[in-house]
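See below for the structure under consideration.
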Amino acid sequence: MQALLIYLALLALFYEKCGIMKVMDYQDFIWDLGGTLLDNYETSTAAFVQTLAILGIEASHDEVYQALKVSTDAAVQLYAPDVKDFLRIYKANEAKELEHPVLFDGAKELLQKIIRQGGRNFLISHRNNQVLDILSKTGIQAFFTEVVTADNGFKRKPHPESMNYLKNKYQLHSCLVIGDRLLDMEAGQAAGFDTYLFEDMEHLMNHLHINREKE
């Protein structure tokens, strides 16, 4: 018995030292991109406010930021519901802002850890295939089994169509959906998955029982 306790203690110490997931509660993870892996709300807000200004519409940075946190559609309906081609112009301005995308600290590390533990990462984004360029620039494209974008033609979240597509194609049973908006939670739950409302990477790592790499 004493030998077993010593072994378990040494194993726990090894996990902590190496920063390995102690308990893989889930086999598969479906990620949102913007606001979850990609720290993009400031750039998106700047592009949105800039687009409004071009059209002669004034708006508060902080209020636009909060509206975008709900969804892009919600922000457009609030500030420019009758402006033809607003979304197209905004997305073009946003693409310029996102030429140098930045991940949240620890995002790449976490995706790598999931792969090392035999898990799989998937991504569902409302953006078009520009997403693939963002993933390439940030060095995380290889960590995803499949990436679903607007170009796939599925209904937008909170509709679970894209979630169900992945669920059926890859036989996802032990899966966690991670996103920063309620629509991510609604879509995941409608597909029968557990969900996690993202706040920051530190809280997520604690939730998944993962230790940060020692410097």
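For the chain, what is the Kirkwood hydrodynamic radius in Å, using each pair of distinct C-alpha atoms? Walk me through the intermediate numbers first.
Numbers: mean 1/r = 0.0536 Å⁻¹.
After inverting the pairwise mean of 1/r, the radius is 18.7 Å.
Evaluate the Kirkwood expression for the hydrodynamic radius of region 41-95, namely the inverse of the mean inverse distance over all pairs of different C-alpha atoms, and round to one decimal in Å. Write out the running numbers ahead of the final one.
Numbers: mean 1/r = 0.0932 Å⁻¹.
About 10.7 Å for region 41-95.
What's the magnitude of the charge dipole for region 125-172 around its Cα centre, counting Lys and Arg as +1 and Asp and Glu as -1 at the beta-carbon? Answer in Debye, nearest 20.
Numbers: 7 positive and 4 negative charges, 34 e Å.
Computed about the Cα centre, the dipole is about 160 debye.
Report, in degrees rounded to the nearest 10, the 0 to 90 angle that the Cα long axis of helix 161-170 makes with the longest principal axis of the chain.
30 degrees
Give me the percent of accessible area attributable to carbon and sulfur for the chain, probe 1.4 angstrom. Walk me through the numbers before you get to the answer.
Details: 5990 of 11310 Å².
Answer for the chain is 53 percent, counting heavy atoms of protein chains only.
Which value, in Å², gives the accessible area per residue of the chain when a 1.4 Å probe is used on the protein heavy atoms? All intermediate terms of the calculation are to be shown ahead of the outcome.
Numbers: 11310 Å² over 215 residues.
Value returned for the chain: 53 Å² of accessible area per residue.
Taking the inverse of the average 1/r across all pairs of different Cα atoms in region 40-166, what Kirkwood radius in Å do you get? Kindly include the intermediate steps, with their values, before the conclusion.
Working: mean 1/r = 0.0623 Å⁻¹.
Computed over Cα pairs of region 40-166, the Kirkwood hydrodynamic radius comes out at 16.1 Å.
Against the longest alpha carbon principal axis of the chain, how many degrees, from 0 to 90 and to the nearest 10, is the axis of helix 61-70 turned?
60 degrees
Checking the table 91/113; 69/157; 96/137; 108/137; 69/91; 91/155 against a 21 Å threshold on Cα-Cα, which pairs fail? Don't skip to the answer; put the middle values down first.
On the way: 91/113 33 Å; 69/157 14 Å; 96/137 14 Å; 108/137 12 Å; 69/91 16 Å; 91/155 19 Å.
Long pairs (Cα-Cα over 21 Å): 91/113.
Quick check: residue separation of residue 102 and residue 116 times 0.36 nm, minus the Cα distance between them. What number comes out in nm? Could you put the intermediate results ahead of the total?
Working: separation 14, 0.36 × 14 = 5.04 nm, distance 2.32 nm.
The residue 102-residue 116 span can extend by a further 2.7 nm.
Under 13 Å from a label point 7 Å along Cα→Cβ of residue 87: give me every residue in region 147-167 with its amide N that close.
Output list for this probe position: 150-151, 153-158.
Would you mind pulling out the separation of the Cα centroids of region 151-215 and region 96-146, in Å?
Their Cα centres are 14 Å away from one another.
Helix 107-116 versus the longest principal axis of the chain: what angle, 0 to 90°, nearest 10, using Cα atoms?
40 degrees
The values are calculated or read from the model by the stated rules, or taken from the named source; none is laboratory data. What you see is a predicted model, and the numbers here were worked out from it, not measured in a lab. Every residue, glycine as well, gets a Cβ built from its backbone with ideal geometry; the counts of neighbours run over all protein chains shown. We work out accessible area using only protein heavy atoms, side chains counted, and drop any ligands, DNA or RNA first. Shrake-Rupley method; radii C 1.70, N 1.55, O 1.52, S 1.80 Å.
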